[in-house]
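Below you'll find the structure, written out as structure tokens, and then a few comments.
The values are calculated or read from the model by the stated rules, or taken from the named source; none is laboratory data. All figures in this text were calculated on a predicted structure; none of them were measured in a lab. Counting neighbours? That spans all protein chains shown, and the Cβs are built from the backbone with ideal geometry, glycine included. SASA here: full protein model, heavy atoms, side chains in, ligands and nucleic acids out. Shrake-Rupley method; radii C 1.70, N 1.55, O 1.52, S 1.80 Å.
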Amino acid sequence: MSALLVTAAPAERRTLRLGPVSPEVYRAFLASRTGADGPSFLQVPAWAQVKNGWCHQLVGWGPESGGLTGVALVLLRPFPGTRKYFAYLPEGPVADWADPDLDGWLAPLLGHLRASGAFAVRIGPGPAYRRWNAATVKAGSGPGRRLSDVLADEVDPLGTAVAERLRARGWRRCGGASEDGADAQPRHVFQVPLTGRTPDDLWTGLNQEWRRNVRKARKSGVEITVGSAADLPEFYRLLRVTEERDGFRLGRSLAYYERQYAVLNAEHPGRMKLYLARHEGETLAAHTMVTVGGRVWYQTGASADHRREVRPSNALQWRMMLDAHALGAAVYDLRGVPSTLDPGDRAHGLLRWKLGTGGQVVETLGEWETPMQGTTNHALYRAFQAYLARR
């Protein structure tokens, strides 16, 4: 670590210093953290190159004696007409959230970002908050029902403690009491645990409909292959079809996915893969997968409107899950799900589909914001919130 900038910690505890780190040192630290609670793909250095319109910093914490105990990719978005920035740490920082001395590393971060011109900062704490098993969610579904109406199978005491500590220090949870929040990243995700399970265990974990659909795809001759950058235009064409059919718009261009594929794989070969499902020579579905350490994510899926009866998406997911298991991943993360448990809601279909893999709905702590000290910073923060509310 070089050019350490800010020091802050209670006198009775160790002193942590924060400053810029090189991409090589940063990546080496990430490589040391594996398992289901390892770093998000949104915190790898290459992710900064994916995001147009943002500048970035790579920073790290460490004791006076040297070494690193935490790192963060900080994205900085300029506020028009000023030299001020909104600082965003997507699903970060990568730090020891179990450390009771939260101020010992948050204070240096805030001091550094304020000195860098940030008027506010948003973070995404790592610990989970609550978990619901697939069977629990299914049993709790019904008209007008939401996840908050169902008793969780597990409440993470660390997540609860971190939320209380942040709130006591003036941090505000984005979206407040809203169940789905106002986060840039999904507050509720769906995860399939892989540690200690065999492929047969994973197969048994699928519900009857999923097993039937995977068999149907195999019997119909659906072929699953791993594509290349040359297949991204076909993936994007199917994505536009999916958006039109399902009534959503991600707002991303083909160039975005091409850039993402190029920079993630340049940083670590095989980090992002594109899986294709073909039937009778035609690509019917395409899904992207991202791997960092002990975690694998199904990031984006797309499928055609026709020949859905051969179940290409089920076949794709089963192959991706098996590949994640073969890589030694601790968890297969299918990313966001809605909080609605009402079968009449259009969004419930996505949750129902993911429930069939037999995993868990995981409520994260969501994203938290705080303005920097000073009248100008608070005014810019209020203006920024008003802008987000109008989007």
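Select from Phe190, Val94, Gly19 the residue farthest towards the positive end of the dipole of the chain; place +1 on Cβ of Lys and Arg, -1 on Cβ of Asp and Glu, and compute about the Cα centre. Final value for the positive-end residue is Phe190. When you count the other C-beta atoms within 10 angstrom of each residue and take the mean per peptide, 157-164, 233-240, 328-335 line up highest first as 328-335, 233-240, 157-164. Label positions at Val155 and Ser228, each projected 7 Å from the Cα along the C-beta direction, are separated by 5.3 nm. Computed on region 272-391, with alpha-carbon pairs under 8 angstrom and 6+ residues apart, the relative contact order is 17 percent. Here volume of the Cα convex hull per residue in Å³ was calculated from the structure, and among (1) 175; (2) 148; (3) 128 it sits at label (2).
In plain terms, the bigger the Kirkwood radius, the slower the diffusion; for region 270-336, with that radius from Cα pairs, at 20 °C and 1.002 mPa s, Stokes-Einstein puts D at 175 µm²/s. Against the main long axis of the alpha-carbon atoms of the chain, helix 102-115 sits at an angle near 80°. The residues of the chain present an accessible area of 44 Å² per residue when probed at 1.4 Å with all protein chains retained.
What a 1.4 Å probe finds exposed on the chain is 51% carbon and sulfur by accessible area, rounded to a whole percent.
Taking the average, over residues, of other Cβ atoms within 10 Å as the packing measure, peptides 189-200, 83-94 rank 83-94, 189-200 from highest down. Mean projection of the Cα convex hull over all viewing directions, computed for region 186-261: 7.8 nm².
Using the Karplus relation 6.51 cos²θ - 1.76 cosθ + 1.60 with θ = phi - 60°, the per-residue 3J(HN,Hα) values for region 371-385 come to x, 6, 5, x, 4, 4, 4, 5, 5, 5, 5, 5, 5, 5, 4 Hz, with x marking Gly and Pro. Adding -39500 (n - 2.57) for every DSSP H run of four residues or longer, then dividing by how many residues the chain holds, sets the calculated 222 nm ellipticity at -10500 deg cm²/dmol.
Across the chain, the mean sequence separation of Cα contacts (distance under 8 Å, 6 or more residues apart), normalised by length, yields a relative contact order of 23 percent. Protection proxy ranking for 245-256, 118-129, using the average of other Cβ atoms within 10 Å per residue and placing the highest first: 118-129, 245-256.
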